[in-house]
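Read the structure below first, then the notes.
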Amino acid sequence: MKRIILFCLFLCTVLAVSSCKREKHFLKEEAYRKQVQEQFEKRKIEMQNRGNALFSVFEKGNISLEQQEALEFLYAYMPLCDLADYDGEFFLSQVNGAFRARDYFSWGKIIPDDIFRHFVLVYRINNEYLDTARTVFFEELKDRVKDLSMYEAALEVNHWCHEKVTYKGTDARTSSPLALIKTSWGRCGEESTFTTTALRAVGIPARQCYTPRWVHTDDNHAWVEVWVDGQWHYLGACEPEPELDVAWFSAPAKRTMMVHTTVFGLYTGEEEKNIETPLHSKINLLKNYADTRKVEVQVLDENNQPVEGANVKFKVYNYAELYAIAETITGKDGKTSIISGKGDLMIWANKGDLFGYQKAEIQNEVTLVHLNHKKGVSYGEDFVINVPSEQAIKKLSSEKTAINACRLAYEDSVRNAYMNTFIKEDEAHFLAQQYQLNSEEVWKYLNLSQGNWREIKKFIIEKKDNPYLFPFLASLAEKDLRDVPAVYLNDHLQDNVLQVKSGTPDDFIVPYILSPRIEWELIKPWRSFIQQQFDLTEQERFQNNVSLLIDYVKNEIKIKNEENYYNCRITPQGVFELKMADRLSRNIFFVAICRSFGIPARIESSTGKTQYYENGQWIEVIFEQETPINLPKTKLTALNSSDNITKPGYYTHYTLACFKDGDFKTLDFENDPLVAQFPYTLDLDEGYYRLMTGSRANDGSVFVHTEYFELKENTSFHITVRLPETKGKLQVKGIVDMNLIVTLNNGDKQTLKELSKGKGLMLCFLDMGKEPSKHILQDLPAVQRDLDAWKGGVLFLIPKDKTANSSGISTFKGLPQNTTWGVDNNKELLNVITNILQINFDDNFPLTLYLSRNGGILYSAAGYRIGAGEEILKIIRQEEK
């Protein structure tokens, strides 16, 4: 009996322990857990069209309570793109990966539950496409960082990231982390997504931070904040430093007006929230970087009464437009506010088509905005946007900097060794000869494909006999070539006979029917899938009457814009399966169906309009209206003022915007040949428009001129693009990214920022076989002492194809002590700068420039010129005043 009693006690103990393990909660706070579970059950009902793919994972008997609650948290708050395009097994693997890292590394035990939930568990960083990077990165990094402190591990992960990826500007689509490794480079938004993914893979809380737009210069930037031992720190993604809270952008971040990050799920942190929805928050992190102020706004009507429910946008000048860094809605008292920096903002408010705007200057306690403007009124205005001043930043010791530089050089060599495995030109030519293909075309696309070259090679071989092969490849974005598998491309360039809609021009077949590139979505094999969902009779019926297809999309797809809050485009297959999408993904879905059925269709790049082609014209589709429409057209001719000191560039010096829904939306003519040369004429819809021109001064402030005008049906209108004078200040002709890397004669690589020595950079492109280039070298000894006293950088670059003439450079004496010589491979930097300056260079060497430390072009001169050194010295002295 005694043995039986002891056995029963033992069994009860085992069962109790087992029960405790089973009952371990991931969501430990009961009230929070209840909110999550209620939202999860709501989502489960709403997403029933993909219920089996998403939720059958819960039916497995081996899922613990902790796994279950983590999955419920993810499902409760994930954006539509994830619910549409991934399945339960994928999300379970993300949960398991987060728990594995938490349990493997020592720091996993000290991370608070809420920090782990939002900044380790969550698999999505921004609008990237998802992959298995968490698992891959964990395996590669675990042994490298397991014996380090949390602080050291964060730095080491960034060094690993730099071995894999470096900076280079790319298009708006964000590559997945594994695709970025294949390419080995990406823009800052991709680098920070990559690095944040790597940090989370080893259980270190991390988040991607954005300044949506700089104010002292054009462009934006993204970086990473990492939680270490109870505090958030920042680092430059794939740009390792010896310490945290040190980066090239430390000084610019002190001048910015907003830094924010998107937080997945119901977030209860202490940070200021710019946006809070049931699914996510956008939190304001500016206080981590800059001096701040509370910007209070009150919106009034024409009778000076408060306006409740007005939309308020807090805007900065950037890329020749006013860009909203935050948006809010007024309360009953007509008031709203945000935390921002110590510079000017333009406050834009509207309710319906009534709008008003007012500059919020630093001395304003409350900025009053009256809704006293209506569309259709023609007038012009001038104003100045002042920006926060420069501030001192933390400096590293020269010893730490030198040691880090050695590590960076080694990491560059690791990455370069991988890049050297990419296909070579002679191999591409051999392949072309083997299959009797155009040798130059084969090399062009294999070279552009970078680490994805094997997939593109496979596709070229498989489609070698298809007459559309090279036009099809030309229709893709360069990034598509770098990360799309051959099997996906095969789905779109099918070998069967294509039934094209009657009346389709031959040159429309590739870009508007065969091409899978619609907007900035990831290319997936949707064509065969769509064709399989409709029989040939239905396809023919839609082709003959596109209005029926519009009705189908309108009736089948439910719009939930706010639930796709990361703005990651849902694939056409995902839209079809979920029967739910944001408007843009719905529009992409419509275009994909059209193209699958041989109907030319597009999302027009400059206006974003969804259109299909029929009876010799593009017809706009607005799903919220009963029938497709074509707005009356009008002509706008743009002229260049003879007073301008430089040729105005679109998005550099000016933009055009059309009034819609209470605000002006910029027309996207970036890199569009239509606006490459003045004068030019555009065919635009009738409507209310704004021309904005701006001249940036050397201190970052901007002098802005706006013209508001109405374009009416069947009329012509002329505008003159006249750049404002920067009164009392130096005018910036354009802005160069100072993080661009140049190759020096000794093989080292440095950024323009490093070469500027923190002062500025005299940059000169030379052809030493021509006399004018030698003149600039003969001019500089006369100002050598002054340039040495200035202590800025002097860089002479010789294009690769001109280096045969450079043997005599050592004979030129008396050059400034900070002179550096380098090679411009493929004229990459030269082309960047001539594009910024909007000039036809035609090898008119030398091209001499002076760049401020922020990259502003304060001086440029091409061709034969005497006294360039003295002219630049005058500008330097003006700048230093």
Problem set entry | Qualifying aspartates and glutamates (Cα of each under 18 Å from Cα of LYS874; at least 8 residues distant if same chain) | ASP699, ASP779, ASP786, ASP788
Exercise. Could you give the radius of gyration (one decimal) and Dmax (whole number) of the Cα atoms in the stretch 38-197, in Å?
Worked result: 16.6, 47
Exercise. Given H placed 1.01 Å from N in the peptide plane, which residues other than close sequence neighbours of ALA360 have an amide H under 5 Å from its amide H?
Worked result: LEU345, MET346, ILE347
Seminar exercise, completed: Read-out Cα extents along the principal axes in Å, candidates (1) 125, 68, 53; (2) 94, 78, 55; (3) 109, 78, 70; calculated match is (3)
Exercise. What does the convex hull of the Cα atoms come to per residue for the stretch 288-345, in Å³?
Worked result: 99
Exercise. Which one of LEU54, TYR75, GLN94 has its Cα pushed farthest toward the positive end of the charge dipole of the stretch 26-115, where Lys and Arg give +1 and Asp and Glu give -1 at the Cβ?
Worked result: GLN94
Exercise. Can you list the HN-Hα couplings for the stretch 187-194, worked out from phi with the Karplus curve (6.51, -1.76, 1.60; θ = phi - 60°), rounded to whole Hz and with x for Gly and Pro?
Worked result: 6, 4, x, 7, 4, 6, 4, 4
Exercise. How much length is gained if the chain between GLU870 and ASN840 is pulled fully straight, taking 0.36 nm per residue apart and subtracting their Cα-Cα distance, in nm to one decimal?
Worked result: 8.3 nm
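With the contact rule set at Cα under 8 Å and sequence spacing of 6 or more, what percent relative contact order holds for the stretch 86-213?
35
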For this session: Let me see the pair-distance distribution of the stretch 662-761: every alpha carbon pair, 10 Å bin width, integer percents in order.
Result: 11, 29, 28, 19, 10, 3, 0
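In the stretch 77-116, how does Rg compare with the Kirkwood Rh, expressed as the Rg/Rh ratio over alpha carbon atoms?
Answer for the stretch 77-116: 1.10.
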Seminar exercise, completed: Toy charge model, Lys and Arg Cβ at +1, Asp and Glu Cβ at -1: the stretch 524-567 dipole around Cα centroid in debye, rounded to 20, equals 140
Exercise. With each label point set 7 Å from Cα along the Cα-Cβ vector, what nm distance links GLU243 and ASN831?
Worked result: 4.1
Exercise. How big is D, in µm² s⁻¹, for the stretch 617-667 by Stokes-Einstein at 10 °C and 1.306 mPa s if Rh is the Kirkwood radius over C-alpha pairs?
Worked result: 110
Exercise. Taking only the alpha-carbon positions of the stretch 320-428 and ignoring solvent, what does the Debye formula give for the base-10 log of I(q)/I(0) at q = 0.10, 0.14, 0.15, 0.19 Å⁻¹?
Worked result: -0.62, -0.74, -0.79, -1.12
Seminar exercise, completed: Expressed in angstrom and rounded, the centroid-to-centroid distance over alpha carbons for the stretch 106-124 and the stretch 585-637 is 45
Problem set entry | For the stretch 684-819, projected area of the alpha-carbon convex hull averaged over all directions, nm² | 12.8
For this session: Can you grab the distance from the C-alpha centre of the stretch 708-757 to the C-alpha centre of the stretch 355-409, Å, no decimals?
Result: 17
For this session: For CYS209, enumerate residues with amide H under 5 Å from its amide H, sequence gap 5+ or separate chain, H modeled in the peptide plane.
Result: TRP223, VAL224, GLU225
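Tell me what the chain gives for mean residue ellipticity at 222 nm when only DSSP H runs of n ≥ 4 count, each as -39,500 (n - 2.57), the sum divided by the residue total, rounded to 500 deg cm²/dmol. Working shown, then result.
Working: 29 runs with 299 residues, N = 881.
Helix-only estimate at 222 nm: -10000 deg cm²/dmol.
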For this session: Can you tell me the FRET efficiency between LYS791 and ASN303 if r is taken as the Cβ-Cβ distance and R0 is 51 Å, rounded to the nearest 0.05?
Result: 0.25
Seminar exercise, completed: Rounded to the nearest 0.05, FRET efficiency between GLU140 and GLN35 (Cβ-Cβ, R0 22 Å) equals 0.05
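Need the full-extension length gain, GLU880 to GLN531, defined as separation in residues times 0.36 nm minus the C-alpha distance. One decimal, nm.
Residue separation times 0.36 nm, minus the Cα-Cα distance, leaves 119.1 nm.
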Problem set entry | Amide H contacts under 5 Å for ILE338, placed H, 5+ residues apart | VAL295
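Averaged across orientations, what area in nm² does the convex hull of the alpha carbons in the stretch 431-501 project?
The directionally averaged projection comes out at 4.8 nm².
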Seminar exercise, completed: Residue-ordered couplings for the stretch 374-385, obtained by feeding phi - 60° into the Karplus form 6.51 cos²θ - 1.76 cosθ + 1.60 and rounding to whole Hz (Gly and Pro as x), are 10, 5, x, 8, 9, 6, x, 8, 10, 7, 10, 9
Problem set entry | Full-stretch length increase - GLU276, ASP506 - with 0.36 nm per residue and alpha-carbon distance subtracted | 77.9 nm
Problem set entry | Spatially proximal lysines relative to LYS60 (Cα-Cα < 20 Å; intrachain offsets below 8 disregarded) | LYS21, LYS24, LYS44
Seminar exercise, completed: Excluding residues fewer than 8 positions from LYS665 in its own chain, the aspartates and glutamates with Cα under 13 Å of it are GLU321
Problem set entry | For the stretch 642-690 versus the stretch 801-878, the gap between their alpha-carbon centres in whole angstrom | 30
Problem set entry | Entries in LYS294/LYS342; LYS375/LYS660; LYS168/LYS287; LYS424/LYS457; LYS109/LYS282; LYS733/LYS791 that, when Cα-Cα distance is taken, lie over 21 Å | LYS168/LYS287; LYS109/LYS282; LYS733/LYS791
Problem set entry | Antiparallel bridges, percent of DSSP beta bridges restricted to the stretch 737-881 (to nearest 5) | 60
Exercise. Treating the beta-carbon of each Lys and Arg as +1 and of each Asp and Glu as -1, no other charges, what is the dipole magnitude of the chain about its Cα centre, to the nearest 20 debye?
Worked result: 1500
Problem set entry | Inverse mean reciprocal Cα-Cα distance (Kirkwood Rh) of the stretch 518-630, Å | 14.2
Seminar exercise, completed: In nm, the gap between the two label points placed 7 Å beyond Cα toward Cβ at ASN416 and ASN567 is 3.7
Exercise. Which Cα, out of THR401, ASN447, ALA486, lies furthest along the positive dipole direction of the stretch 352-492 (beta carbon charges, K/R +1, D/E -1)?
Worked result: THR401
For this session: Quote the FRET efficiency, to the nearest 0.05, computed for ILE403 versus SER810 with a Förster distance R0 of 30 Å and r equal to the Cβ-Cβ distance.
Result: 0.40
Seminar exercise, completed: To the nearest 20 debye, the stretch 677-805 has a Cα-centred charge dipole, built from +1 on Lys and Arg Cβ and -1 on Asp and Glu Cβ, of 660
For this session: Find the Rg to Rh ratio for the stretch 191-286, where Rh is the Kirkwood radius over alpha-carbon pairs and Rg uses the same atoms.
Result: 0.95
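Rule-based calculations on the coordinates, nothing more; no lab input. The structure displayed is predicted, hence computed values, not measured ones. Methodologically, a virtual Cβ is constructed for each residue, glycine included, from the backbone with ideal geometry; neighbour enumeration extends over all protein chains shown.
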